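Trainee: One structure coming up, written as structure tokens, with questions to follow.
We did not get these values from a lab; they are worked out from the coordinates using the rules stated. Source: prediction; values computed, not measured. Positions of Cβ are generated from backbone atoms using ideal geometry, with glycine treated the same way; all protein chains shown enter the neighbour counts.
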Amino acid sequence: MSDSTTPLSVLKRVFGYDSFRGEQQAIVEHLVAGHDALVLMPTGAGKSLCYQVPALIRPGTAIVVSPLIALMQDQVDALRELGARAAFLNSSQEWETIREVENAFARGELDFLYVAPERLLTDRCMRLLERGRIALFAIDEAHCVSQWGHDFRPEYLGLSRLQEQWPDVPRIALTATATPQTRDEIAQRLGLTQARHFVAGFDRPNIRYVIVEKNDVRRQLLGFIREEHAGDSGIVYCLSRNKTEDTAEFLCREGIDAMAYHAGLQAELRAQRQARFLREDGVVMVATIAFGMGINKPDVRFVAHIDLPKSVEGYYQETGRAGRDGLPATAWMAYGLQDVVQQRKMIDDSTGDEFFKRRSGAQLDGMLALCETVQCRRTRLLAYFGQQSEPCGNCDVCLTPPQTWDGTVAAQKILSA
Ligand code: ADP
Ligand code: MG
Ligand code: ZN
């Protein structure tokens, strides 16, 4: 390897960073050497570089499988800005564009080709890949292959074909959300049985977790923002579109700079609100979970849930949008039994099959266990991801341990009365 193609020199020259973070370097070297990897790292930890650096070192084109068309465009734009040769193939494109991208790949003129999974598995695409040289396969958001996960995509199941057809091309699967169970499922379903697992810590020590009992939730939310995060940027998650609008209106009336965001709004308005949230300080976005994927705003100081998330994975991902800059941030949630009743009903009434219902019920149970715990929230959350930790001293349970009924004291009182 010449000096200009070592991982560190590529990191500096192309990406402009001084050093790798965490296990990035080990992962990059593992791939450059031609081995498979399964990477579990929290959102924002820097998974992309784990395949982008080796892609630029190994000869040929890196094929990146990514489920979200919107994110694909962003990533390709970002790579092009850095001077890399990148393109994507998905269902939103004109015929002409598709032809151009295909030809560029076949001629060996691409460093990166991003492809949606359903596109990749077409005969046309499989034949195309035979015509070029492949540096590596990167499978982003790999938890989509897990039926037990929160974001199952049937197309991901077909990706095991890559291993059969290109056994010598290294593959890297990446995800931010994986319990030990999902991890095994990913490895098995993608045929990554020989892959080395790289598991980063999921702890976000600067986030303070607080779960309060729900009564008058809008007032509680307002109190929380005023007392702890006046003037800060934050995200408030609600379950329904109507509720995002009502809550944003309420907060505005109370003098908080809030906006609603959900998938029912016109694309233009959504883009405008998102841009404002990213650009300005102190804006509160009241949103459904449609908001947040791929949003990289480092100084979000709080994430509030006024409805119960559907799974611990979802909760972790959503709260993980707070405090990316490493400074103190709060994950606040109001939770009441009504939430449980409502969600059980939603599951029962849903059109999903038995499997879906069972899975949703199990996910809800996991979430309830976190709400009802008398243990440190952080310990409980990390345990869900298979990681052990000491009580954090910073969450609501650590700071104000729940009252436990002490029989001895009670008995003494009665006896001495
Ligand atoms: P993930 O996919 O794990 O959520 P990304 O790959 O999108 O995370 O990276 C999140 C941010 O961290 C990006 O802005 C990226 O440029 C930055 N980043 C990643 N690795 C490094 C590094 N070694 N040094 C500095 N910044 C980094
Ligand atoms: Mg990512
Ligand atoms: Zn704690």
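Trainee: Please identify which residues in segment 82-105 have an amide N closer than 15 Å to a label point set 7 Å out from the Cα of Arg127, following the Cα→Cβ vector.
Mentor: Correct set: 99, 102-103.
Trainee: Taking the Cα of Thr6, stepping 7 Å toward and past its beta carbon, and measuring to each backbone N in segment 49-65: which are under 18 Å?
Mentor: 53-58, by backbone N distance to the label point.
Trainee: Continuing with the same structure: Provide the per-residue ³J(HN,Hα) series for segment 231-238, in order, calculated from phi with Karplus coefficients 6.51, -1.76, 1.60 and θ = phi - 60°, each as a whole number of Hz, with x at glycine and proline positions.
Mentor: Along segment 231-238, the couplings run x, 8, 6, x, 10, 10, 9, 10 Hz.
Trainee: Consider just the alpha-carbon atoms of segment 56-181 and return their Rg together with their Dmax, both in angstrom.
Mentor: Radius of gyration, then largest Cα-Cα span, for segment 56-181: 14.1, 44 Å.
Trainee: Pull up the cross-link candidates among the lysines for Lys345, meaning alpha carbon to alpha carbon under 30 Å and not fewer than 8 places away within one chain.
Mentor: Leaving aside lysines fewer than 8 places away in the same chain, those within reach of Lys345 are Lys214, Lys243, Lys310, Lys357.
Trainee: List the residues, sorted by chain then number, that are 5 or more residues from Tyr237 or on another chain and whose placed amide H is less than 5 Å from its amide H.
Mentor: When sequence neighbours closer than 5 places are left aside, the close amide H contacts are Ala287, Ala304, His305, Ile306.
Trainee: While we're on this one: Taking 0.36 nm per residue of separation and subtracting the Cα-Cα distance, what length does fully extending Met293 through Asn206 add?
Mentor: Working it through step by step, the gained length comes to 29.2 nm.
Trainee: Tell me the volume per residue, in Å³, of the convex hull enclosing the alpha carbons of the chain.
Mentor: Convex hull of Cα atoms, per residue: 173 Å³.
Trainee: When the chain is fully extended, how far beyond the present Cα-Cα distance does Glu268 get from Leu337, taking 0.36 nm per residue of separation?
Mentor: My answer for the length gained is 21.1 nm.
Trainee: Round to the nearest 0.05 the FRET efficiency obtained for Lys345 and Leu82 when R0 = 60 Å and r is the Cβ-Cβ distance.
Mentor: For Lys345 and Leu82, the calculated efficiency is 0.75.
Trainee: Mind listing the long-range amide H neighbours of Ile134? Cut-off is under 5 Å, sequence gap 5 or more, other chains count too, H placed in the peptide plane at 1.01 Å from N.
Mentor: Excluding prolines and chain starts, which carry no amide H, the hits are Thr61.
Trainee: Which of Asp353, Asp140 comes first, and how do the rest follow, when ranked by fewest Cβ neighbours within 10 Å?
Mentor: By the 10 Å Cβ count, ascending: Asp353, Asp140.
Trainee: Which of Val32, Val65 has the fewest other C-beta atoms within 10 Å, and how do the rest follow up to the most?
Mentor: By the 10 Å Cβ count, ascending: Val32, Val65.
Trainee: So how far apart, in nm, are the two label points at Gln375 and Gln403 if each is 7 Å from Cα heading toward Cβ?
Mentor: 2.5
Trainee: Using the basic label-point model (7 angstrom from Cα toward the beta carbon), what is the Arg218 to Asp74 distance in nanometres?
Mentor: Inter-label distance under the simple model: 3.1 nm.
Trainee: Report, by chain and number, residues whose modeled amide H sits under 5 Å from the one on Val65, excluding near sequence neighbours (fewer than 5 apart, same chain).
Mentor: Those lying under 5 Å, H to H, from Val65 are Val115, Ala138, Ile139, Asp140.
Trainee: Only Lys, Arg, Asp and Glu count, each charged at its Cβ (+1, +1, -1, -1), so figure out the dipole size of the chain about its Cα centre, rounded to 20 debye.
Mentor: 220
Trainee: Also, quick follow-up: FRET efficiency for Glu280 and Phe152, Cβ-Cβ distance as r, R0 = 41 Å, nearest 0.05?
Mentor: Here the calculated transfer efficiency is 0.70.
Trainee: How would you rank His197, His262, going from fewest to most other Cβ atoms within 10 Å of each one's own Cβ?
Mentor: Result, fewest neighbours first: His197, His262.
Trainee: Not counting the cut sites, what is the longest span of the chain without GluC sites (Glu not before Pro) that DSSP labels loop and that have at most 10 other Cβ atoms within 10 Å?
Mentor: It works out to 95-279.
Trainee: Return the loop-located trypsin sites (Lys or Arg not before Pro) in segment 84-182 (DSSP other than H, G, I, E, B) with at most 10 other Cβ atoms within 10 Å of their own Cβ; answer none if there are none.
Mentor: Passing sites in segment 84-182 are Arg107.
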